Structures are given as structure tokens and as C-alpha cells.
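Okay, structure first, notes after.
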Amino acid sequence: MRYEQLIYIILAGVMLIFGGISVFYYMKALQNNVRIDQVHSQEKEDFHFVLIPQETDNDYWRLVEKGAREAEEELGVAVEYNGPKKTSVSEHIEWIEKAVAAKVDGIITQGLDEETFAPVINQAIDKGIPVITIDTDAASSKRSAYVGTDNYQAGFLAGQALIQDTGGQANVGIITGSFEARNMQLRVQGFRDAVKNAPGVKILDVRASNITRIQAAEKADEMLSKYSEMDAFFGTSALDSYGIASTVQQRGRTNGVYIIAFDTLPETIELIRDGIIDATVVQKPYKMGYESVRLLTQIGRGKTVEPIHHTGTDILRREDLTRKEPSPEESEGPS
Ligand code: BGC
């Protein structure tokens with residue numbers, strides 16, 4: 001009996017020791033898992049992205065920033081909004097170079113003119129920093145993805161709207177934000193192609209505003225002096241129509257001149273409501289900001305993303321406005 005008891009005690013002891021060892025390793029494994037998760041969420045919190053627009057002090061870009069901030073909050077990442085205060089290609093490039101040197105986790109910027117922007121975008125990519133082009137694509141660069149308007153299509157839509165609204169009879173002056181920026185070139189090209197088959201629509205002149213309302217006003221004034229038959233304008237960047245509208249108002253020609261604008265900033269909406277601007281091309285800057293941060297976060301987490309993300313465009317006229325003043329995000333319309 002005593003011998004049997006001894007055997008039982010030894011067996012129980014062995015089982016206890018094995019049980020203990022198993023529990024020890026199980027706990028350790030659990031701990032390791034928790035640590036991996038923690039590192040993962042820690043990394044997520046640590047993402048530092050930078051959004052570099054061509055002009056920080058511009059209401060259109062403030063809307064892009066707003067969308068980016070929304071994603072920043074939701075995803076727990078950090079987004080820095082920095083760049084030239086007023087548009088300047090050399091400063092813009094410097095800001096991108098600074099971001100590369102600072103080894104940020106991702107860059108969101110425009111590919112304004114491909115020759116100048118592609119090399120610096122490629123430099124970032126080669127150093128392992130993902131780049132999303134926003135608003136203006138540099139398709140020939142190694143950028144990770146593009147988020148924004150299909151700019152050719154947007155210009156085409158503007159041309160179609162002008163034909164429809166003027167009954168196909170218009171002598172048009174185009175004010176473009178810049179001759180060098182790819183998005184502006186595509187908008188003008190899309191517009192030209194749309195009106196090509198409307199014999200009554202003639203493009204008399206194209207001038208650049210350097211995306212400022214003052215230069216847009218000056219250029220519109222010069223054109224109206226030069227071409228007495230000019231009776232329509234197409235403004236291809238957000239502030240161009242403000243300048244066109246103020247010139248047309250100063251000349252007392254609000255009834256005789258058709259204006260198609262770009263974007264739905266509050267002042268543009270007001271000018272549409274007042275019947276001075278006739279139509280505008282709706283872009284989705286807020287969505288561009290949100291989507292670009294969301295995609296960078298996905299890339300940072302090792303996911304592959306589609307290269308092209310068009311955010312959608314539309315035409316907005318006075319009759320489309322509700323009584324209530326739409327907020328800029330609301331006026332972006334459904335996605
Ligand atoms: C364009 C931007 C530009 C902005 C200027 C927008 O229509 O998409 O590229 O920076 O106008 O105000």
C-alpha cells in the first residue's frame with residue numbers, strides 16, 4: 001500500500017510539473033502576441049504624413065486639409081499641412097525635399113508639371129517613402145497612387161455645359177490657373193475637345209492667372225478690351241471666376257457674359273446664387289484630402305492600393321442650389 005501511495009504521489013508531482021511548464025509557455029506565448037499587437041498599434045499611431053499643396057493659404061486647399069484632418073482623427077495618424085504660402089514651384093519642390101530628408105512616413109502632393117516633379121517624387125519612392133499625388137497627377141513618376149479629379153473629363157464637362165447653356169453660340173475667353181500645371185492643361189484640352197464640334201463656339205484667347213483672383217481680373221479685362229465680341233468665360237482654377245466676375249461686374253456686363261467656373265467655394269456659390277456665375281465644375285477637395293490619408297495609412301500597413309482614385313466631378317448651376325447655403329463639403333455632392 002505504501003509503495004502504491006508513493007507511486008501516486010510521484011505521478012501527481014510529475015503532472016503538476018508538466019502542467020506548470022505548459023501554463024508558463026502558454027502565458028509567454030500570449031504575452032508575445034500582445035506585444036506584436038501593441039507594436040502594430042504603436043506604429044499606426046506613429047505615422048507622420050505630410051500634405052504639401054501648391055498654396056497653403058488658399059480656400060480650396062484648406063478644404064483638402066479639412067478632409068485630411070478628418071481622416072487623421074479617425075485613423076489616429078498625424079498629418080502635417082505645410083508648403084508654399086503662395087504658389088511657387090521652386091518652394092514647392094523644396095518642401096517635398098525637406099519631407100524626404102525628414103523621413104516622413106508618406107507624402108501627399110501635386111505633380112504640377114511632370115518634368116520638375118517626377119524626379120523628386122521618384123527620389124522619395126526610392127527612399128521607401130510612399131507618395132500620393134493629389135489634385136494633379138504625375139502619371140510618369142513612380143508615385144504610389146493618384147487621388148483627385150479626372151481633369152480632362154472635368155474640362156470636357158465644362159465645354160458641354162457651355163454649349164448647352166449658350167445654345168452653342170459663344171465667343172470664349174479662357175483664364176487658366178497656369179500654362180505649366182498638368183491639371184490646367186488637361187482641363188483646357190478637355191474643354192477644347194468638347195467644343196470642337198460646336199461651330200458656333202469659338203475660343204478667342206487663353207491667358208494665365210497664376211491662380212490669383214487679381215491676375216484673373218486683369219486678364220479678363222484685357223481680353224474684354226481686345227475682343228468686343230467676347231461673351232463667355234471659362235475659369236479653370238478655383239479663384240479665376242472671382243476675378244472674371246469682378247471684371248464683368250465692373251464693366252456692367254453681368255447679363256451679357258456667360259461664366260463657367262471651377263469649384264464650389266462659398267464665394268463661387270454666392271456668385272452663382274446672384275446670377276453672375278452661370279455654372280461651375282464641382283470637384284471634391286474634401287474627399288481628396290480624406291482619401292489620400294486613408295490610402296497612405298493602408299500603404300503604411302503593408303497593403304497594396306489601386307493606382308488611380310478619381311473623386312468625381314459634376315456641373316452645378318443656380319437651379320441646383322437648395323435654399324439653405326450648402327457647406328463646402330455638402331456642395332461637393334454625393335460621391
Ligand atoms: C485646382 C487646384 C488649384 C486651385 C487654385 C483648383 O481648381 O484644382 O490645382 O491649386 O484651384 O485655387
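Miscellaneous remarks
- The set of residues in the stretch 48-81 being more than 16 Å from the ligand (Cβ to nearest atom) and either in a helix (DSSP H, G or I) or within 11 Å of the chain's Cα centre (by Cα) (or both) consists of ARG69, GLU70, ALA71, GLU72, GLU73, GLU74, LEU75.
Each row is one residue, and each column tells you yes or no for (1) assigned to a loop (DSSP other than H, G, I, E, B); (2) not assigned by TED's automatic domain parsing to the domain that holds ASP278.
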site	(1), (2)
GLY83	yes, yes
LYS86	yes, yes
GLU97	no, yes
ALA138	yes, yes
ALA161	no, no
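- Qualifying residue in the stretch 300-321 (condition: modelled with pLDDT of 95 or more, within 21 Å of THR109 (Cβ to Cβ), assigned by TED's automatic domain parsing to the domain that holds GLU80 and part of a helix (DSSP H, G or I)): yes
- Looking across the stretch 125-136 at every residue that is out of contact with any Lys or Arg (no Cβ under 8 Å at 6 or more places or on another chain) and under 15 Å from VAL100 (Cα atoms), the one that is farthest from the ligand (Cβ to nearest atom) is identified as GLY128.
- Qualifying residue in the stretch 254-266 (condition: modelled with pLDDT under 95 and of a type outside the set (S, T, N, Q)): yes
- Hey, ILE134 surrounded by 22 or more Cβ atoms within 10 Å (Cβ to Cβ) and in contact with a strand residue (DSSP E or B) (Cβ under 9 Å, 6 or more places away or on another chain) or not: yes
- Residue that is surrounded by the fewest Cβ atoms within 10 Å (Cβ to Cβ) [pool: residues in the stretch 137-177 that are within 14 Å of the ligand (Cβ to nearest atom) and among the polar types (S, T, N, Q)]: GLN153
- Within the stretch 218-231, residues that are part of a loop (DSSP other than H, G, I, E, B) have Cβ atoms under 6 Å from residues that are of a type in the set (A, V, I, L, M, F, W, C) in these pairs: TYR227/LEU204; MET230/LEU204; MET230/MET223; MET230/LEU224; ASP231/VAL257, counting only partners at least 6 apart in sequence or on another chain.
- Looking only at the stretch 178-193, and only at residues there that are part of a helix (DSSP H, G or I) and within 11 Å of the ligand (Cβ to nearest atom), the one that is surrounded by the most Cβ atoms within 10 Å (Cβ to Cβ): ARG187
- Residue count, the stretch 147-178 (criterion: over 21 Å from THR109 (Cβ atoms) and of a type outside the set (A, V, I, L, M, F, W, C)): 12
- Lone unmet requirement of (1) of a type outside the set (Lys, Arg); (2) assigned to a helix (DSSP H, G or I); (3) under 19 Å from the mean Cα position of the chain (by Cα) for ASN122: (3)
- Qualifying residue in the stretch 234-241 (condition: within 13 Å of the ligand (Cβ to nearest atom), at pLDDT 95 or above, charged (D, E, K, R) and buried (at least 20 other Cβ atoms within 10 Å of the Cβ)): yes
The values are calculated or read from the model by the stated rules, or taken from the named source; none is laboratory data. Please read all numbers here as calculations on a predicted model, not as lab measurements. So basically every Cβ, Gly included, is an ideal-geometry build from the backbone, and we count neighbours across all protein chains shown.
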